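Please read the structure below before turning to the comments.
The values are calculated or read from the model by the stated rules, or taken from the named source; none is laboratory data. All values reported here derive from a predicted model rather than from experimental measurement. FYI the Cβ positions are ideal-geometry reconstructions off the backbone, even for glycines, and counts take in every protein chain you see.
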């Protein structure tokens, strides 16, 4: 039932309400033992500003349904949204958020801009339009600060502790609800309310929810921004090239499913400990900052040219379930060119499963059924050191092992070539070659999926550090390169060299120049690198 009601609910809205309810019940069943098959649901709008149409209330409605269901069933776990947050976006049956359009999201950003809202959550596909509109509005009101966040799926929203808090319900609160429902004395209830009030007043929340990097320090905060503890890290967020290291060096997970989060870190500053650490590790810390487990990757690997050292820097990809076991997928980069992908148990940090090697450092990864074939695959980007090119590859998780394609004397000894779905060598521009550099680059944690098409994309960074220029590379789900989009910065920088005769024609914005870049792309056919038209 909708209040205020209409004679007939518009079909898209009706379908969205049903989808939101189904998604909310699915989530609530994780925390409440028994949920009845039938409920009387009333959706009440405080203010009516027009007729209700479309599906953009879907995500917000789903969160509201979840909150009410868990409250109604007095679940041991509660889900609440943060203060000063507004949310828009329809919800698909698979849990993905539906992008709207540039015009519609622009109007929504404008409405939120002139409100007290501090954070506006939008479908990730709408984020570029929202950011453009926000910049326009801030030209007139530069002091207005509005944080825009793009979300891909309902699960992403629930996983973000900056937006949604999932934690065990305090015993006092749950007891109070039980008391009221069972007509226990009002005096007892009032005592519980007072206790809860003072608990909130003094912010006793010790659950890690937010990770904030400031220079070489990482601050672990609760959902309200209160500092719980801090660590010194081995990178500097104020340096352009290092600011994205946090994307692969720190994650928040509830490793033991007890409702309290742990923090997993790599790339710590080893000198903050006494005595200083003599090794690089990945480590899991409790909500209070004490060490739960650590793992040090020191695998031995040899190529034709040399035996490599045991010094690696370990980085975080994501979690995945393998044979019923919750695993943490990691990648380690040697001080030279070897890198490896491997797994540890999320709860204990113990190594298990296969290891896969690569000739060149890896920088970014995603895990999931990206190509929608029913199997989870790993997609990663990095640099192939034997070929001097940025690469992207895909391999089914159950086929991880051996070594990824390479050539020359840098191939690893005794490791078979992995059975990849695709392994692609990407172009290097003459702008990068102008600086006599062997490689262009990809950035840490740079690989993403388009929220609408679910297809991978990332940026090639051309030129010389720190003044890199970007080229967007977009792929189909099977990693066929389908688009190169040259940034304005790249065009201006390269074309100035062309105009001075220091680089050859054609100019960067032309089809002829894009054809030159596409011509460099090669695909692994199981034995060698070939053009797409020659791929088996």
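Condition test on residue 333, is it in contact with a strand residue (DSSP E or B) (Cβ under 8 Å, 6 or more places away or on another chain), at negative phi and part of a loop (DSSP other than H, G, I, E, B)?
Considered against the rule, which asks whether it is in contact with a strand residue (DSSP E or B) (Cβ under 8 Å, 6 or more places away or on another chain), at negative phi and part of a loop (DSSP other than H, G, I, E, B), residue 333 comes out as no.
Just to be sure, is residue 527 loosely packed, with under 11 Cβ neighbours inside 10 Å, under 20 Å from residue 407 (Cα atoms) and free of Cβ contacts under 8 Å to residues at least 60 places away in the same chain?
Considered against the rule, which asks whether it is loosely packed, with under 11 Cβ neighbours inside 10 Å, under 20 Å from residue 407 (Cα atoms) and free of Cβ contacts under 8 Å to residues at least 60 places away in the same chain, residue 527 comes out as yes.
Quick check: anything in region 382-390 under 20 Å from the mean Cα position of the chain (by Cα), in a strand (DSSP E or B), touching a residue at least 40 places away in the same chain (Cβ under 8 Å) and surrounded by 22 or more Cβ atoms within 10 Å (Cβ to Cβ)?
yes
If you go through region 422-440 one residue at a time, how many are surrounded by 19 or more Cβ atoms within 10 Å (Cβ to Cβ) and either in a loop (DSSP other than H, G, I, E, B) or outside the structural domain of residue 375 (by TED's automatic domain parsing) (or both)?
Number satisfying all stated conditions: 5.
Out of 497, 505, 481, which single residue is farther than 20 Å from residue 434 by Cα and modelled with pLDDT of 95 or more?
Every option except 481 fails the conditions.
What about residue 488, is it loosely packed, with under 12 Cβ neighbours inside 10 Å and either touching a helix residue (DSSP H, G or I) at 6+ places or on another chain (Cβ under 9 Å) or on the phi > 0 side of the Ramachandran plot (or both)?
When the stated conditions are applied, residue 488 does not pass them.
Kindly provide the set of residues from region 508-527 that are in a loop (DSSP other than H, G, I, E, B), more than 13 Å from residue 486 (Cβ to Cβ) and touching a strand residue (DSSP E or B) at 6+ places or on another chain (Cβ under 9 Å), ordered by number.
520, 521, 526, 527
Given the conditions (1) at pLDDT 95 or above; (2) outside any loop (DSSP other than H, G, I, E, B); (3) under 17 Å from residue 365 (Cβ atoms), report the number of the one that residue 294 does not fulfil.
Residue 294 satisfies every listed condition except (3).
Do the conditions hold for residue 328, that is, is it assigned to a strand (DSSP E or B), modelled with pLDDT of 95 or more, in the same structural domain as residue 378 (by TED's automatic domain parsing) and within 24 Å of residue 368 (Cβ to Cβ)?
yes
Criterion first (in contact with a strand residue (DSSP E or B) (Cβ under 6 Å, 6 or more places away or on another chain), assigned by TED's automatic domain parsing to the domain that holds residue 31 and within 29 Å of residue 205 (Cα to Cα)) does residue 121 satisfy it?
yes
Taking the condition assigned to a loop (DSSP other than H, G, I, E, B), touching a residue at least 40 places away in the same chain (Cβ under 8 Å), crowded, with 18+ Cβ neighbours inside 10 Å and in the same structural domain as residue 396 (by TED's automatic domain parsing), does residue 503 pass?
Here the answer is yes, as residue 503 does meet what is asked.
Take region 106-129 and flag every residue that is farther than 15 Å from residue 60 by Cβ and over 19 Å from the mean Cα position of the chain (by Cα).
The answer is 106, 107, 109, 110, 113, 114, 116, 118, 129.
Of all the residues that make up region 297-325, how many are in a loop (DSSP other than H, G, I, E, B), under 19 Å from residue 358 (Cα atoms) and out of contact with any strand residue (DSSP E or B) (no Cβ under 8 Å at 6 or more places or on another chain)?
Number satisfying all stated conditions: 4.
Mind listing whichever residues of region 330-342 are within 17 Å of residue 379 (Cβ to Cβ) and crowded, with 22+ Cβ neighbours inside 10 Å?
Matches in region 330-342: 330, 331, 339, 341, 342.
Scan 452, 473 and give me the residue that is surrounded by 14 or more Cβ atoms within 10 Å (Cβ to Cβ), modelled with pLDDT of 95 or more and closer than 27 Å to residue 366 by Cα.
Within the list 452, 473, the selection yields 473.
Would you check if there is a residue in region 460-467 being touching a residue at least 60 places away in the same chain (Cβ under 8 Å), touching a helix residue (DSSP H, G or I) at 6+ places or on another chain (Cβ under 8 Å), in a loop (DSSP other than H, G, I, E, B) and closer than 27 Å to residue 237 by Cα?
yes
Among 309, 303, which is the only one that is over 28 Å from residue 222 (Cα atoms) and touching a helix residue (DSSP H, G or I) at 6+ places or on another chain (Cβ under 7 Å)?
Criteria check complete, one pass: 303.
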